[in-house]
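The values are calculated or read from the model by the stated rules, or taken from the named source; none is laboratory data. Because the structure is predicted, anything quoted here is derived from the model rather than measured. Cβ placement follows ideal geometry from the backbone for every residue including glycine, while neighbour counts extend to all protein chains displayed. These accessible areas exclude ligands, DNA and RNA; they are computed on the full protein's heavy atoms, side chains included. Shrake-Rupley method; radii C 1.70, N 1.55, O 1.52, S 1.80 Å.
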Amino acid sequence: MKLPPVIARHARQFGTFAVFVVLCAVISVLTPHFFTVTNLLNVAQQTVINALIAVGLTYVIISGGIDLSVGSILAFAGVVMAHALRLGWPVPLAILAGVGVGAGCGLVNGLLISYGRLPPFIATLGMMSVARGGALLATDGRPVSGFGESFRWLATGEIAGVPVPVLIMVLVYAAAHLVLQRTKFGRYTYAIGGNEEASLLSGVPVRLYKTGIYVVGGGLAALGAVLLTARLNSAQPIAGINYELDAIAATVIGGTSLMGGQGSVIGTLIGALIMGVLRNGLNLLGVSSFIQQVVIGVVIIAAVLLDTFFKQSKR
Amino acid sequence: MEAAPAILQMKGIAKRYPGVVALDGVDLEVRRGEVHILLGENGAGKSTLMKILAGAVRRDAGTIALDGRECDLATPRAAQAAGVSIIYQEFNLVPHLTVAENIFLGREPRGQVPGLISAARLRTDAARLLRELEVTINPGAVVADLGVAEQQMVEVAKALSVEAKILVLDEPTSALSDKEIAQLFKVIRALRGRGVALIYISHRMEELFQIGDRVTVMRDGRYIATRDIPQTTLPELVSLMVGRDLTEHFPKKAVPPGEELLRVEHLSRTGALHDISLTLRRGEVVGLAGLMGSGRTELARAIFGADPVTAGRVTVKGREVKVGSPRQAIGLGLGLLTEDRKRQGLVLCLDIRANTCLASVDRFSAAGVVDGRRETAAAQKLTADLRVKTPGLHQRVVNLSGGNQQKVVLAKWLCCEADILIFDEPTRGIDVGSKVEIYQLINRLAAEGKAILMISSELPEILGMSDRILVMNRGRIAGEFTAAEATQEKILHCALGAHAA
Ligand SMILES: Nc1ncnc2c1ncn2[C@@H]1O[C@H](COP(=O)(O)OP(=O)(O)OP(=O)(O)O)[C@@H](O)[C@H]1O
Ligand SMILES: [Mg+2]
C-alpha cells in the first residue's frame, strides 16, 4: 500500500483519528442522543480539563520524563486561587496566583529532576503528596466555594456559540502544537527525550529546558484548576485525584512514547477526545461505571498493543 | 584447494522499506571454514542482508539454505538455534549490566539452586573468554563505563560464547586499533581452522587481504560479483563496489598554518590525563594516535568541557578560558564529533534535519522560533555534500545505514560552523569512496582556516592526513612528529611505550 508521504509520516495520528471517527460512528448508531449539538459540546466540556493536563504531560513524556503530581497540583493551585478570589482579589490576579502556584510546583519538580538528579517518577511522586497536603492544609480539608459571575463566566460563557473552556482548550492546543513543532523549546524537548547525552554534547542546555518543561506541566495543570473551579463554583482540596492517570492515558493513546523522543500534541488531543467520547457514550448507553472502568483500561492497553504490533510488522 | 561445500546459500533475497529498496534479489554463498568478505558502499545493504540471516529482519522474498536444507530463520532465536551468531554493527549491550552478564545474557549458567544464576561461573567463564581475546577488561565492570573499543571486544566475546556454525562480524574493527585487530584476527583464524564459516564486513580495505578467503561485492542492494581473494586486487574490488575507479586515497593538501586557535597547557584529569600540552593553529590538521584506552577520547572530552579537569590551562583564540560545559565550548567555536554515534552523537528517533541542525538551533532561530526553511536548506546542502543515502530529510536517523549515520554526525558539526574541530574517529564505518570525500572535506576545512584535531585508530589515515602527529600513551603525550618524519613504526613504538620520547 502506497501512502502520500505526509500521511505516511503522521500515520500514527491519522490512525488514532480513524479510531476516534469509528468510535463516534458506532456510538451514534447505538444511541440517537450522542450526535446532537448539546451532547457534543458536553463531551468537549468534559474533555477540557483532562486535555489541558494531558498537553503539559505530553511535553514531559516526550522529554523522557513523567509527572505524577499534576492532579495534586491542580487541587493546590485551585484552592489558592479560590482563597484569593474570596479575599476579593481581582479575577485576573487570582488566576495568575493559581497558575503561579502550579508553575512553582512544576519548577520545584524540574529543579529536583535536573539539578538534583532525582528520577522524575520519584520527584513527582513526592510532589504529588506534598501538593495534596498543601491543598488540604490551606483549606482545612473543606471546599472553598462561591465566586462572582465574572469568574464563573470562564466556565459558563460562550463566544460565538462556543463555550469559553472549549475555546481555551483549542487555543492552548494550537499554541502547544506550534511551540512543539516550530520553536527551540519544542526541538530541545524532543532531542532531550530522544538522547539526553547526545543533546548535552550538542550544546543543548539540558537542565534548563528540562526544568522549563516541568514548569509548563505544572502551569497547565493549574489552568485546568481554573476551569474546574469555575465550573463547580467551588475549589476542592481533594479535586484531581487520579487525573494524572487519565492524562497519561490520553497521551499514550495519542501515540506519545513513554520512552521519550516521540509524540505529538495533536495525538494527545485525539486521545483525550477518545476518552471523553467513550465515557460519554457508555453513560448514554447506561453502562455501569464499574464496567466503564474495565472498558477504559482495555482501550489503553489495546492502543499500546496496536502500536507495538505495527512496529513489529515493519521489521 | 578443493572447494569446501557451501554451508550457507542465500538466494534472491529482497527487502524494501518505505522509499528504499534495501535489497533487490541478492545471492550469497558461504563455505565451511572460510572467511567470506561482504563488500559494498554505505547503504549497499550489507547489514540488512546479515540481519535477515540472523532473523532480526524479515525478508520480502528469497530463500535461505543451511547445509543444503531450506530454513525459515524467522526470529533471532531460530537463527541462533540453527547455528548463526552475529556481531551487529551497532552495539547491542545492556549498559547497566556487567561485562560478564552481557556476554551470557539469555544463556546464564545455572547455579546449584534451581532458578538461580551461578555468579561465580558467570565470572570465570567470561574471564576465560576475555583472556582468549587477550584483552584486559574486568568481567565485573559495568558496560556503560567502557569505551567503544572495549565494548566492541565484549561484543566479540559474546558472539564467541555460543558455538556457532556461521559467525557474522559486521564492522567489528571500526572502533579497534591495530593491536586489538591483530588479536581479533588470531581468533578468527582459529575459528576458521575449526570449520566455522565467517562472514566479515569492513570498510578497511587492507583487512580484506589479510583475513579474507573470498569476497562478495554488493552495490545499491544488488549482487555484483564474488571473487577469490588471491585472484583479485584492491583496485578491482574498489571499482566493483563504487562503480568507478578511485585514484588517490589520501589527497592531502598542506595549508600554511595561521594563528594559534587552541592552546592546552598541563591539562590533567585524575586517573585519565597527565600533564597534556598541545597547540592547534588555523589550517592545521593534527593527528592524535594511540592505543585503545590511551586517553585520546578523554582528552577530547576534557577540552570540550564534557568532563571536568583537575588542572591545566586552556586558551582559545588568545583568551584563557574555563570550559565548563559543551555548550560553552560550542560558543567558543569548538566542535566535538564523538566516537560513539549511537550513544553520544545522534538522537536516533529524530529525523536527519533535526540531527543535522541540533548543535546550531540557536543560529537558525530568532526569539525562540526556529526557521524551518533555513534549517531545511542547510541540511539539504550538507547531506548532498556528504552524499548521505536517504529518501529524504524526514527519514529518521535510526533507519539509515551505519555509514550514513556517521555522515549525519559529521554534518551536524559542519552545520554549526565551529572553527576548532575535534574529530574522534571521523571515518568510522565509512566506505572507501566516501572516505576520500571526507578527506577532501577535511582539506577544504583546513583551507578555510579551521583547525582540526583528528583522533584515529587507522594509522594510514593519521599518516596520510595530518600535518603533525601526537601520540598518546597511558594518558600522556608520548611523542610528537611532523608529517615528514612520522612512520608507522615510530608511532607504534611510541604508542606501545617502549621508550617514551
Ligand atoms: N529500518 C529501515 N527503514 C528504512 N530504511 C532502512 C532501514 N534499514 C535499512 N534501511 C535502508 O536500507 C539501505 C541498506 O542499509 P544497510 O544498513 O544494509 O547498509 P550497509 O550496506 O550496511 O551500509 P553501511 O556500510 O553504511 O553500514 C540503506 O539505504 C538504509 O537507509
Ligand atoms: Mg552496515
*If a/c stays under 1.5 just call it rounded; otherwise compare a/b with b/c (prolate if a/b is bigger, oblate if not). Do that for segment A:10-310, with a ≥ b ≥ c from the square roots of the Cα gyration tensor eigenvalues.*
oblate
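For segment A:101-232, what class follows from the C-alpha gyration tensor (a ≥ b ≥ c being the square roots of its eigenvalues): rounded when a/c is under 1.5, otherwise prolate if a/b is larger than b/c, else oblate?
On the way: a/c = 4.01, a/b = 1.42, b/c = 2.82.
Oblate, since a/c reaches 1.5 and b/c is not below a/b.
Leaving out ligands, DNA and RNA, what percent of the accessible area of chain A is carbon and sulfur, probe 1.4 Å?
Values: 10070 of 14030 Å².
So the carbon and sulfur contribution to the accessible surface is 72 percent.
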_Segment B:Asp145-B:Glu29, extension gain: residue separation times 0.36 nm, minus the distance between their alpha carbons_ = 37.8 nm
*Could you work out the mean count of beta carbons from other protein chains within 10 Å of each residue's beta carbon in B:362-374?*
3
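Between B:Gln210 and B:Ser277, how high is the FRET efficiency from 1/(1 + (r/R0)^6) when r is the Cβ-Cβ distance and R₀ = 30 Å? Nearest 0.05. Mind showing how you got there, number by number?
Numbers: r = 37 Å, r/R0 = 1.23.
E between B:Gln210 and B:Ser277, to the nearest 0.05, is 0.25.
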*Nearest-10 value in Å² for the accessible area of A:Val166, using the 1.4 Å probe*: 20 Å²
*Per residue of B:323-332, how many C-beta atoms from partner chains lie within 10 Å of its own C-beta, taken as a mean?*
3
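Helix-only estimate, please: 222 nm mean residue ellipticity of chain A, summing -39500 (n - 2.57) across DSSP H runs of length 4 or more and dividing by its residues, to the nearest 500. Each step should come with its number before you reach the end.
Details: 14 runs with 239 residues, N = 315.
So the calculated ellipticity at 222 nm is -25500 deg cm²/dmol.
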*Calculate the dipole size of the protein assembly as shown relative to its Cα centre from +1 charges on Lys and Arg beta carbons and -1 charges on Asp and Glu beta carbons; express the result in debye to the nearest 20.*
1100 debye
*Can you tell which of B:Ile442, B:Phe481, B:Gln405 lies farthest toward the positive end of the dipole of segment B:392-501, using +1 and -1 charges on the Cβ of basic and acidic side chains (Lys, Arg; Asp, Glu)?*
B:Gln405
_Stokes-Einstein translational diffusion, segment B:260-495 - Kirkwood Rh over all Cα pairs, 1.306 mPa s, 10 °C, in µm²/s_ = 88 µm²/s
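Accessible area per residue, 1.4 Å probe, Å², for segment B:260-495: what's the number?
In whole numbers, segment B:260-495 has 35 Å² accessible per residue.
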*Provide the FRET efficiency to the nearest 0.05 for the A:Arg142-A:Leu23 pair, computing r from the beta carbons and using R0 = 25 Å.*
0.05
*With θ set to phi - 60°, apply the Karplus curve 6.51 cos²θ - 1.76 cosθ + 1.60 along segment B:417-425 and write out the HN-Hα couplings as whole Hz, x wherever there is a Gly or Pro.*
6, 5, 10, 10, 10, 9, 9, 9, 6
_What number does segment B:282-374 give for Rg over Rh if you use C-alpha atoms and the Kirkwood radius?_
1.01
*Could you pull out every residue, at least 5 positions away or on a different chain, whose amide H is within less than 5 Å of the one on B:Leu261? Hs are placed 1.01 Å off N in the peptide plane, and Pro or chain starts have none.*
B:Leu280, B:Arg281, B:Arg282
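Can you classify segment B:151-249 as rounded, prolate or oblate using the Cα gyration tensor, where a ≥ b ≥ c are the square roots of its eigenvalues, rounded means a/c under 1.5, and otherwise it's prolate if a/b beats b/c and oblate if not?
Details: a/c = 1.98, a/b = 1.64, b/c = 1.21.
Here segment B:151-249 falls in the prolate category.
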*asked:* Could you tell me how far the Cα centroid of segment B:237-268 sits from the Cα centroid of segment A:200-246, in Å?
replied: 52 Å
*asked:* Please give me, ordered by residue number, the GluC sites (Glu not before Pro) of segment B:1-86 that lie in loop per DSSP and have at most 15 other Cβ atoms within 10 Å.
replied: B:Glu2
*Near B:Val369, within a Cβ-to-Cβ distance under 14 Å, what is the net charge of the other residues, with Lys and Arg +1 and Asp and Glu -1?*
+3
*What residues qualify as long-range amide H neighbours of B:Met472, i.e. H under 5 Å apart, gap of 5 or more or another chain, H built at 1.01 Å from N?*
B:Ala289, B:Gly290, B:Ala478
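Any idea of the accessible area per residue across chain A, 1.4 Å probe, to the nearest Å²?
45 Å²
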*Report, in deg cm²/dmol and to the nearest 500, the calculated mean residue ellipticity at 222 nm for chain B, where each DSSP H run with n ≥ 4 adds -39500 (n - 2.57) and the sum is divided by the residue count.*
-9000 deg cm²/dmol
*Counting only protein heavy atoms and rolling a 1.4 Å probe, how much accessible area do A and B lose on contact, total for both sides, in Å² to 100?*
2500 Å²
*For the protein assembly as shown, with the dipole built from +1 on Lys and Arg beta-carbon atoms and -1 on Asp and Glu ones, taken about the Cα centre, which of A:His177, B:Phe364, B:Pro257 lies farthest toward the positive end?*
A:His177
*asked:* What does the net charge come to around B:Ser325 if you take all other residues with beta carbon closer than 11 Å to its beta carbon, with K and R at +1 and D and E at -1?
replied: +2
*asked:* What number does the protein assembly as shown give for Rg over Rh if you use C-alpha atoms and the Kirkwood radius?
replied: 1.02
*Principal axes of segment B:6-242: Cα extent on each, largest first, Å*: 53, 37, 35
*Tell me, what are the semi-axes, in whole angstrom and largest first, of the equivalent ellipsoid of segment B:31-75 as set by the roots of 5 times the Cα gyration tensor eigenvalues?*
19, 16, 8
_I'd like to compare B:458-469, B:306-317: which one has the highest average count of other Cβ atoms within 10 Å, and what's the full order after that?_
B:458-469, B:306-317
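With only Lys, Arg, Asp and Glu charged, each at its Cβ (+1 for the first two, -1 for the last two), find how big the charge dipole of chain B is about the Cα centre; round to the nearest 20 debye.
Working: 64 positive and 60 negative charges, 176 e Å.
The calculation lands at about 840 debye.
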*So what's the net charge close to B:Asp467: Lys and Arg +1, Asp and Glu -1, counting the other residues with Cβ under 11 Å from its Cβ?*
+3
_Accessible area of B:Cys494 in the full protein assembly, 1.4 Å probe (Å², nearest 10)_ = 10 Å²
*What ranking, highest mean first, results for peptides B:108-117, B:262-271 when packing means the other Cβ atoms within 10 Å averaged over each residue?*
B:262-271, B:108-117
_Just the number please: accessible area per residue for segment B:30-147, 1.4 Å probe, all protein chains included, in Å²._
48 Å²
*Quick one: which residues, 5 or more positions from B:Leu336 or on another chain, have an amide H under 5 Å from its amide H? H modelled 1.01 Å from N in the peptide plane, none for Pro or chain starts.*
B:Ile422
*How well do other chains shield peptide A:181-190, expressed as the mean number of their Cβ atoms within 10 Å of each residue Cβ?*
5
*What percent does the relative contact order of chain B come to when contacts are Cα pairs within less than 8 Å and at least six residues apart?*
16 percent
_Angle between chain B longest axis and helix B:148-160 axis [Cα atoms, degrees, rounded to 10]_ = 10 degrees
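How large, in percent, is the carbon and sulfur part of the accessible surface of segment B:6-242 at a probe radius of 1.4 Å? Each step should come with its number before you reach the end.
Numbers: 4990 of 9890 Å².
About 51 percent, which is the carbon plus sulfur part of the accessible surface.
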*For segment A:194-315, just the Cα atoms, rotate onto the principal axes and tell me the three extents in Å, largest first.*
55, 44, 20
